[in-house]
Amino acid sequence: MKKKTIIFLAFILSACTLPFAPASSVSSPVALATVTPSFTPAPTLTLTPSPTWTPTPDTRVITAPAENFKLLLSDLPSGYDIRFVRACGGQEDPQCRLASDRIEGPHLNYEVMQDQGAEKGGNYINDTLRVEGWYIYYHNGPGYYYNPRMIMSNVIRFATVEGARKYMASYSDKNVGRYAEVYDYLTIGEVARAYVRWVRETKYVLYEFSYRNFVHRIWIIGTEKNITRELVHDLAFKGFTKLQSAELNSPSSFISPPTFTPQPDLGERVIAAEPLAFVLSPDTMPSGTNYHLADRESSSPYRNAEIIQQYQNGVGEEFIRATGRVDGWSVHYKRGANDMLIPEDLYDDVVMFQSAQGAQTYMESYADYFLNATWNEGTPPSKIGDATRLFIKSKGVYVSYLLQFSYRNYVHSLTAYGLRAEVDPAFVDMVAATLLRDLQSAELVSPAP
């Protein structure tokens, strides 16, 4: 054992005394070659998404009057009537007699403005394009104590689908007074809102829903026991069913701006007929509008002598000399149909000049000469006749829309006045196009030397 230990120690000592090799004798490391990869990665594939199909919104509207969609007696539980005596419980009460005049009838835009004030009502009509409405009150008869005391159906027609939606979004809660909105009723139609009010033991419920361009308001007065959600939903669904089955039409009853077709060039020939033959008349306007003369003096000639008297200090004489004005005629019509969004007033001044050059001079230099600074010139939606100019004046919720056009030696100045919602440029253009056709069909003669 001792011998093995001595041999191991001798081996260790001999290893420690071995000489180190000089640095020059150590081989240098061989540099590794740089390998360039031959693989080229494929380009990233970018997928082009398929186009998303967007359906065209259905903007068709119901053009039938609001009265057609009111709730009928047959839609209500047994026991209701619209007779005045039941509304007053058989009592001779002055307040009941006053209410008897409001059992059923139209609710037109001018009444809205009377009820809400000209500015508030006018803004509401302009913003929503409200056309007309209808209301009817049903009163519970004696002995039917399980029925609500009263049910009112109020149907409102707007010109567009967007108008009804705007009413529901922005005006539904503006006319409910102290009612509180509740959210525990079903949505019938496209949009629905419900409001409740309590006065001691009496409960008032107002449920409104929209469908296309209509809003139906159902107002019920009773108690907690007899105004059930089932009753409200049933009445609303019956009103909704009436609207859903109605015929749909284009959202506007007026045509697009007319396209003027130039007539064959017949030189300097002029229209010889007097202005009265071409002035605006009820036959010129769309059927059903029922326009009528504002009063006995609303249709009269407009002579050169009146021009000179009205514009003194030589202004009138200069205008007549520069344009060759011959004669004119003026009319003023009032709207007869209050259930249409058409201008409240229509004015027409038709003027005859000696030549087409005179009419052109008027359009270029005098169309706005006699207008005050409250008028602003706009861009006509379409060209009518040889030349067309448009001027607009606004005051509060009302607007005046003056469209002037010339044809040969004639000029028409057609003015529409009313709420902004009532003065539709397409309507004015359509009337102007009819006046133009009358001029185009007139006999032409050579101008006087």
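Taking the criterion of being without any contact (Cβ under 8 Å) to a residue 12 or more places away in the chain and either closer than 30 Å to THR128 by Cα or assigned by TED's automatic domain parsing to the domain that holds LEU439 (or both), would at least one residue in the stretch 319-334 satisfy it?
Yes: one or more hits.
Has the stretch 378-387 got any residue that is of a type in the set (S, T, N, Q), surrounded by fewer than 22 Cβ atoms within 10 Å (Cβ to Cβ), at pLDDT 95 or above and over 20 Å from PRO301 (Cα atoms)?
Among the residues of the stretch 378-387, at least one is of a type in the set (S, T, N, Q), surrounded by fewer than 22 Cβ atoms within 10 Å (Cβ to Cβ), at pLDDT 95 or above and over 20 Å from PRO301 (Cα atoms), which makes the answer yes.
Go through the stretch 316-340 and give me each residue that's modelled with pLDDT under 95 and among the hydrophobic types (A, V, I, L, M, F, W, C).
Correct list: ALA337, MET340.
Going by what's in this entry, would LEU341 be described as surrounded by 18 or more Cβ atoms within 10 Å (Cβ to Cβ) and either in contact with a Gly (Cβ under 6 Å, 6 or more places away or on another chain) or at negative phi (or both)?
yes
For the stretch 302-314, give me each residue that is surrounded by 14 or more Cβ atoms within 10 Å (Cβ to Cβ) and without any contact (Cβ under 8 Å) to a residue 40 or more places away in the chain.
Within the stretch 302-314, ARG303, ASN304, GLU306, ILE307, ILE308 meet the criteria.
Test VAL112 against the criterion of being under 22 Å from TYR204 (Cβ atoms), in a helix (DSSP H, G or I) and not aromatic (Phe, Trp, Tyr), and give yes or no.
yes
When you go through (1) among the charged types (D, E, K, R); (2) outside any helix (DSSP H, G or I); (3) surrounded by fewer than 19 Cβ atoms within 10 Å (Cβ to Cβ); (4) in contact (Cβ under 8 Å) with a residue 40 or more places away in the chain one by one for GLU181, which number turns out not to apply?
(4)
How many residues does the stretch 138-161 contain that are under 34 Å from the mean Cα position of the chain (by Cα), buried (at least 21 other Cβ atoms within 10 Å of the Cβ) and not in a loop (DSSP other than H, G, I, E, B)?
Here the count works out to 8.
On the basis of being hydrophobic (A, V, I, L, M, F, W, C) and closer than 26 Å to GLY288 by Cα, does ALA373 make the cut?
No, not satisfied.
What are the pairs with Cβ atoms under 8 angstrom where one residue, in the stretch 427-438, is closer than 21 Å to ASN409 by Cβ and the other, located anywhere, is assigned to a helix (DSSP H, G or I) and of a type in the set (A, V, I, L, M)? Sequence gap at least six, or different chains.
ASP438/ALA277
What is the residue count in the stretch 389-426 for residues that are under 18 Å from the mean Cα position of the chain (by Cα) and free of Cβ contacts under 8 Å to residues at least 60 places away in the same chain?
Selection size over the stretch 389-426: 4.
Scan the stretch 293-312 and tell me whether some residue there is under 30 Å from the mean Cα position of the chain (by Cα) and at pLDDT 95 or above.
Yes, that holds for at least one residue.
List pairs: first in the stretch 274-294 and under 22 Å from GLU422 (Cβ atoms) and surrounded by 15 or more Cβ atoms within 10 Å (Cβ to Cβ), second among the acidic types (Asp, Glu) and modelled with pLDDT of 95 or more, Cβ under 7 Å, 6+ apart or cross-chain?
Every condition considered, the pairs that remain are LEU280/ASP348.
When you scan the stretch 85-94, do you find a residue that is assigned to a loop (DSSP other than H, G, I, E, B), assigned by TED's automatic domain parsing to the domain that holds SER210 and modelled with pLDDT of 65 or more, even just one?
No, there is no match, as no residue in the stretch 85-94 is assigned to a loop (DSSP other than H, G, I, E, B), assigned by TED's automatic domain parsing to the domain that holds SER210 and modelled with pLDDT of 65 or more.
Hand me the list of strands (runs of 3 or more DSSP E) wholly inside the stretch 305-410 holding 3 or more residues that are in contact with a strand residue (DSSP E or B) (Cβ under 6 Å, 6 or more places away or on another chain) and β-branched (Val, Ile, Thr).
Output list is empty.
Within the stretch 266-292, track down each residue that is outside any loop (DSSP other than H, G, I, E, B), at pLDDT 95 or above and of a type outside the set (A, V, I, L, M, F, W, C).
Selection gives PRO275, HIS292.
Using beta carbons and a limit of 9 Å, which pairs, at least six apart or on different chains, have the first residue in the stretch 347-359 and in the same structural domain as LEU280 (by TED's automatic domain parsing) and under 18 Å from PRO301 (Cα atoms) and the second one acidic (Asp, Glu) and surrounded by fewer than 23 Cβ atoms within 10 Å (Cβ to Cβ)?
Here the result reads VAL351/ASP327; MET352/GLU274; MET352/ASP327, each pair linking the stretch 347-359 to a residue that is acidic (Asp, Glu) and surrounded by fewer than 23 Cβ atoms within 10 Å (Cβ to Cβ).
Within the stretch 213-220, identify whether any single residue is over 21 Å from LEU108 (Cβ atoms) and basic (Lys, Arg), and answer yes or no.
Within the stretch 213-220, none of the residues are over 21 Å from LEU108 (Cβ atoms) and basic (Lys, Arg).
The values are calculated or read from the model by the stated rules, or taken from the named source; none is laboratory data. Everything numeric in this text was worked out from a predicted model, so none of it was measured. Ideal geometry is used to build each Cβ from the backbone, glycine not excepted, and the neighbour counts take in all protein chains shown.
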